[in-house]
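*Asks:* My questions will all concern the structure given below.
The values are calculated or read from the model by the stated rules, or taken from the named source; none is laboratory data. The shown structure was predicted, so the numbers you read here are calculated from the model rather than taken from an experiment. All Cβ positions, even for glycine, are placed from backbone atoms using ideal geometry, and neighbour counts span all protein chains on display.
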Amino acid sequence: MKHNSLLILATVLAFGTTSTVAVAQDCPVDLPVIEAGVLTMSINATIPPKQFINEQGELQGLHVDLGNEIANRLCLEPNYQNVDFAVQIPGLDANRWDMINTGLYFTDKRAGFMQLVPFSVNALALIAADGNPTGITGPEDMAGKVVGVEIAGFEERKIREINDAQIAKGLASMDIRAFNTYGEVFLALGGGQIDAVFAGDAIGSYYQEKGQFSKAATGLFPGTPGAFAFDEPVLAQAVADALNAMRADGTYDSMMDAYGTTKMDAWDRWPGKFTYFYTGE
């Protein structure tokens with residue numbers, strides 16, 4: 001049973017004057033959340049710079065910044081559950097969290113069974129060992145090679161589709177290996193167990209900047225949005241409204257620019273404002 005959030009009034013002291021101005025914060029009421037006053041979000045903190053744990057053991061990244069700001073605007077306390085990607089959709093269905101905040105790739109199939117609020121536009125990349133010793137320039141160069149992905153994600157589905165298409169053209173099959181987290185995938189790449197990682201462009205940039213690996217092929221399949229996911233349309237719309245307010249006051253643009261992330265207006269299906277997509281019944 002999901003609880004309702006509370007209407008909160010904020011009193012603001014006007015600095016430099018003798019008057020006190022009471023300001024009502026626009027807090028949505030009757031939001032269906034699993035714990036009163038809290039926005040519980042699943043996250044997979046193995047994907048820097050968007051979501052990761054820093055050296056101090058703290059959650060950090062674009063998705064954390066966005067989640068904190070959205071929760072604040074909904075007058076809720078942010079709470080993060082750091083779990084593997086494979087359990088995020090089942091956990092949403094089981095009411096373990098209110099919102100998936102791991103940058104779930106938008107697909108029409110997923111929009112058929114949960115509400116999706118796209119918030120960024122992604123591209124994919126092939127990341128190789130430092131210096132790209134095998135000379136990978138694109139997916140066709142992975143024929144007969146070993147590629148690593150995170151299990152059950154969009155990247156795994158996409159690389160399997162690419163592999164099937166390349167086999168149909170007469171190319172050798174890739175050896176696709178799925179790991180629980182991208183942390184494990186990059187450990188395998190560093191250990192020479194795989195030839196490349198198929199992941200988001202931003203992940204590749206992060207590791208390349210750290211001098212550990214090289215982006216062998218970048219900007220692949222651009223235009224796929226990352227989305228927040230919900231099983232409550234009222235909450236999905238409230239988050240979309242918060243994003244629209246963030247876009248209007250510049251907060252959204254500032255956050256996206258800080259992480260070098262492409263904004264939603266680059267998506268060819270962008271309706272001009274944040275909203276949720278849902279085609280189920």
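*Asks:* Return the residue satisfying two criteria in turn: it lies in region 32-55 and is at pLDDT 95 or above and of a type outside the set (A, V, I, L, M, F, W, C), and of such residues it is nearest to the chain's Cα centre (by Cα).
*Replies:* Looking at the filtered set, the residue picked out is S42.
*Asks:* Which of the residues spanning region 22-62 are in contact with a Gly (Cβ under 9 Å, 6 or more places away or on another chain) and in contact (Cβ under 8 Å) with a residue 60 or more places away in the chain?
*Replies:* Hits for region 22-62 are L39, M41, S42, N44, T46, I47, P48, P49, K50, L62.
To keep it simple, each residue is scored yes or no on (1) farther than 21 Å from P233 by Cβ; (2) modelled with pLDDT under 95.
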{"residue": "N68", "(1), (2)": "yes, no"}
{"residue": "N72", "(1), (2)": "yes, no"}
{"residue": "E77", "(1), (2)": "yes, no"}
{"residue": "N82", "(1), (2)": "yes, no"}
{"residue": "F85", "(1), (2)": "yes, yes"}
{"residue": "P90", "(1), (2)": "no, no"}
{"residue": "D93", "(1), (2)": "no, no"}
{"residue": "M99", "(1), (2)": "no, no"}
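*Asks:* Need at least 1 residues that are within 15 Å of A217 (Cβ to Cβ) and among the aliphatic types (A, V, I, L, M) per element, so show me which strands (runs of 3 or more DSSP E) inside region 86-155 make the cut, counting only ones lying wholly within it.
*Replies:* Working: elements: 99-105, 115-129, 146-150.
Correct list: 115-129, 146-150.
*Asks:* Let me ask something else about it. Could you check P118 against (1) modelled with pLDDT of 95 or more; (2) surrounded by fewer than 17 Cβ atoms within 10 Å (Cβ to Cβ) and say which number it fails?
*Replies:* (2)
*Asks:* Any residue that is under 16 Å from the mean Cα position of the chain (by Cα), of a type in the set (A, V, I, L, M) and either closer than 28 Å to I43 by Cβ or not assigned by TED's automatic domain parsing to the domain that holds P32 (or both) - is there at least one of those in region 126-140?
*Replies:* Looking only at region 126-140, we keep the residues that are under 16 Å from the mean Cα position of the chain (by Cα), and these are none.
For region 126-140, residues under 16 Å from the mean Cα position of the chain (by Cα), of a type in the set (A, V, I, L, M) and either closer than 28 Å to I43 by Cβ or not assigned by TED's automatic domain parsing to the domain that holds P32 (or both): absent.
*Asks:* Still on this structure, please answer the following. Quick check on this structure: which one of T275, T251, T261, T279 is touching a helix residue (DSSP H, G or I) at 6+ places or on another chain (Cβ under 7 Å), of a type in the set (S, T, Y) and surrounded by fewer than 16 Cβ atoms within 10 Å (Cβ to Cβ)? Even if it seems obvious, please write down each step before you answer.
*Replies:* Values: T275 fails: surrounded by fewer than 16 Cβ atoms within 10 Å (Cβ to Cβ); T251 fails: surrounded by fewer than 16 Cβ atoms within 10 Å (Cβ to Cβ); T261 fails: surrounded by fewer than 16 Cβ atoms within 10 Å (Cβ to Cβ).
Among T275, T251, T261, T279, only T279 is touching a helix residue (DSSP H, G or I) at 6+ places or on another chain (Cβ under 7 Å), of a type in the set (S, T, Y) and surrounded by fewer than 16 Cβ atoms within 10 Å (Cβ to Cβ).
*Asks:* Looking at D253, D257, D201, D265 in this structure, which one is modelled with pLDDT of 95 or more and not polar (S, T, N, Q)? Explain how you work it out, then say what you get.
*Replies:* Numbers: D257 fails: modelled with pLDDT of 95 or more; D201 fails: modelled with pLDDT of 95 or more; D265 fails: modelled with pLDDT of 95 or more.
Checking each option against the conditions leaves just D253.
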